[in-house]
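Just below is one structure, and these are the notes that go with it.
The values are calculated or read from the model by the stated rules, or taken from the named source; none is laboratory data. Everything quoted here is computed from the prediction, not taken from an experiment. As a convention, Cβ positions derive from the backbone with ideal geometry for all residues, glycine included, and neighbour counts pool all protein chains shown.
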Amino acid sequence: MRIKGKTAFVTGGASGLGAATVRRLHGLGANIVVADINKDTGEAICKELGSRAIFVQMDITNPDQVKAGFDRALKEFKNIHILVHCAGTGWVGKIAGREGPHDLNMFIKIININLIGTFDVCRWAAFYMQSNEPNADGERGVIINTASIAAFDPQIGQIAYCASKAGVVGMTLAIARDMSKPGIRCCTIVPGAFDTPLMKMMPKELNDALAAQIPFPKRFGNPDEYAMLAQQIVENTFLNGETIRLDGAIRMPPK
């Protein structure tokens, strides 16, 4: 799919991987919908971009806000062709310890944000993409979700997080097959350690130790490298139903 003139809906688009994707796709000529829970940063990035960009405040665990966000995007740009879903969060806690079992409410919260929230955003994007005019290949839309290497290499304390992200991986081929008739593709990017605001909250010594474990290059990923892969997925029509690790070849140890 050609990006110029298309409309991209980016969740978590106000920071980190989402913000890098917003800037890249906008620079390639797309209309941009920045969907994020943080109003100040979301509006700031739209102001930075200038034309062809709007902000919608969205908590992906709130179905009314999700639906309203898509309604606003359609009112402004008429169609949605690209979804890049970056919104999500993490939590650390073992399934059980001496103090007791894992907090069930926190497990439910992480699943609700990372998995159910992803599903809710995808179902509306897929529904609206069906109405797009197809291109020469019969393609009407592209859905890109974000998982994590924790889906494959969970570290100690990541049971809720890995379960949620493994669910996102599991939906990838299902979405691609469900939406094959109307010509809507779905892929999932699986980032490793990236230089995002979340990682900057960790102590420097822990970040340095983690970076040293990456075979090559021995550094954290740059958010624009994620955005570059998102661009390539959009542009390469034969990429479909695929989960792609973007991690410098790291395989995470238990801790």
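Is it the case, given these coordinates, that residue 12 is at pLDDT 95 or above, on the phi > 0 side of the Ramachandran plot and not basic (Lys, Arg)?
Judged against the criteria, residue 12 is a match.
Each residue in segment 1-32 was checked for being over 19 Å from residue 229 (Cα atoms) and either in contact (Cβ under 8 Å) with a residue 40 or more places away in the chain or surrounded by 19 or more Cβ atoms within 10 Å (Cβ to Cβ) (or both), and 0 pass. Within segment 45-73, the residues that satisfy the criterion of being under 16 Å from residue 125 (Cβ atoms) and of a type in the set (Lys, Arg) are 67, 72. Select from segment 161-189 the residues that are hydrophobic (A, V, I, L, M, F, W, C) and farther than 29 Å from residue 134 by Cβ and list them in ascending order. Those that are hydrophobic (A, V, I, L, M, F, W, C) and farther than 29 Å from residue 134 by Cβ: 162, 163, 166.
For every residue, the table says whether it meets (1) in a helix (DSSP H, G or I); (2) acidic (Asp, Glu); (3) closer than 28 Å to residue 252 by Cβ.
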| position | (1), (2), (3) |
| --- | --- |
| 46 | yes, no, no |
| 51 | no, no, no |
| 56 | no, no, no |
| 65 | yes, no, no |
| 68 | yes, no, no |
| 116 | yes, no, yes |
| 120 | yes, yes, no |
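One residue stands out among those in segment 189-238 that are under 18 Å from residue 8 (Cα atoms) and of a type in the set (A, V, I, L, M, F, W, C): the one that is surrounded by the fewest Cβ atoms within 10 Å (Cβ to Cβ), which is 228. Have a look at 166, 160 and point out the one that is among the small types (Gly, Ala, Ser), buried (at least 20 other Cβ atoms within 10 Å of the Cβ), in a helix (DSSP H, G or I) and modelled with pLDDT of 95 or more. Of the residues listed, the single one that is among the small types (Gly, Ala, Ser), buried (at least 20 other Cβ atoms within 10 Å of the Cβ), in a helix (DSSP H, G or I) and modelled with pLDDT of 95 or more is 160. Of the residues making up segment 52-70, just one is over 23 Å from residue 17 (Cβ atoms) and in contact with a strand residue (DSSP E or B) (Cβ under 9 Å, 6 or more places away or on another chain), namely 68.
From the set of residues in segment 70-102 that are aliphatic (A, V, I, L, M) and outside any loop (DSSP other than H, G, I, E, B), which is nearest to residue 135 (Cα to Cα)?
Among those residues, the one meeting the criterion is 82.
Taking the conditions exactly as written (hydrophobic (A, V, I, L, M, F, W, C), at negative phi and outside any helix (DSSP H, G or I)), does residue 229 satisfy them or not? For residue 229, the condition - hydrophobic (A, V, I, L, M, F, W, C), at negative phi and outside any helix (DSSP H, G or I) - is not met.
When segment 236-255 is filtered for residues that are of a type outside the set (Lys, Arg), within 21 Å of residue 174 (Cα to Cα) and either touching a residue at least 12 places away in the same chain (Cβ under 8 Å) or not in a loop (DSSP other than H, G, I, E, B) (or both), the ones remaining, listed by number, are 237, 239, 240, 241, 242, 243, 244. Sort out which residues of segment 204-226 are assigned to a loop (DSSP other than H, G, I, E, B) and within 18 Å of residue 254 (Cα to Cα), and write them in order of number. Those that are assigned to a loop (DSSP other than H, G, I, E, B) and within 18 Å of residue 254 (Cα to Cα): 213, 214, 215. Out of curiosity, is residue 138 part of a loop (DSSP other than H, G, I, E, B), more than 21 Å from the chain's Cα centre (by Cα) and not hydrophobic (A, V, I, L, M, F, W, C)? Here the answer is yes, as residue 138 does meet what is asked. Of the residues making up segment 151-167, those that are in contact (Cβ under 8 Å) with a residue 40 or more places away in the chain, touching a helix residue (DSSP H, G or I) at 6+ places or on another chain (Cβ under 6 Å), of a type outside the set (Ser, Thr, Tyr) and closer than 14 Å to residue 111 by Cα number 4.
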